[in-house]
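The values are calculated or read from the model by the stated rules, or taken from the named source; none is laboratory data. None of the values given here were measured: they were computed from a predicted structure. We place every Cβ from the backbone using ideal geometry, glycine too, and count neighbours over all the protein chains shown.
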Amino acid sequence: MTRFHRTGSVSLIGPIVQNQVAAIRRLARQGMRKAASELVFDDLVGAGVLGAIHALRKYDPDGNMDYSAYADSYIRTSIEKELDRFNTTRVPRRILKLYRITTGEICTQCHRRCSI
C-alpha cells in the first residue's frame, strides 16, 4: 500500500484491489436486491472496482484508518451511483391496465386522441 503511494505505479493497483473483491461482491449483491431494473451483477462489481481504485488514489497510508474500511464507503457510493443511473420504477401490471382503461375512457369522452 505504501509502495503504491510512494511510487504511484499503476501495476500495483491490481493486487491491492484484488484483496477487496470479496467486499465488492458482497456490496454488489446487496445492491442487486435494491435494483428495479435489469442491471447485471458484473456491472455493479465493475462499478465497485472503480470505487476501490478511486479510494486507493485518495487513501492516506499515514492516517490511522485501515484501507479496507476507508474503501468500503467509496465502493458502496460507486455502486449506489450505478444503481441510480439505471433506476427505473417497476409499475405493477394491474396499475398499467387501470391506467390504459382510464386514459381510454377519457379519450372517448373528449372525442380526441389522448396525449397522456
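In the range 59-77, of all residues being in a helix (DSSP H, G or I) and of a type in the set (A, V, I, L, M), the one that is nearest to Pro15 (Cα to Cα) corresponds to Ala71. In the range 38-66, the residues that are under 9 Å from Ile79 (Cα atoms) form Cβ pairs under 8 Å with partners that are at pLDDT 85 or above and of a type in the set (Phe, Trp, Tyr), at six or more places apart or across chains, as follows: Gly51/Tyr74.
Among the residues of the range 50-100, those identified as of a type in the set (S, T, N, Q) and surrounded by 10 or more Cβ atoms within 10 Å (Cβ to Cβ) are Ser68, Ser73, Thr77, Ser78, Asn87, Thr88. Please determine whether any residue of the range 43-58 is of a type outside the set (Asp, Glu) and either at positive phi or in a loop (DSSP other than H, G, I, E, B) (or both). No, because not a single residue in the range 43-58 is of a type outside the set (Asp, Glu) and either at positive phi or in a loop (DSSP other than H, G, I, E, B) (or both). Of everything in the range 17-42 that's charged (D, E, K, R) and modelled with pLDDT under 90, which residue is farthest from Ala71 (Cα to Cα)? That would be Glu38.
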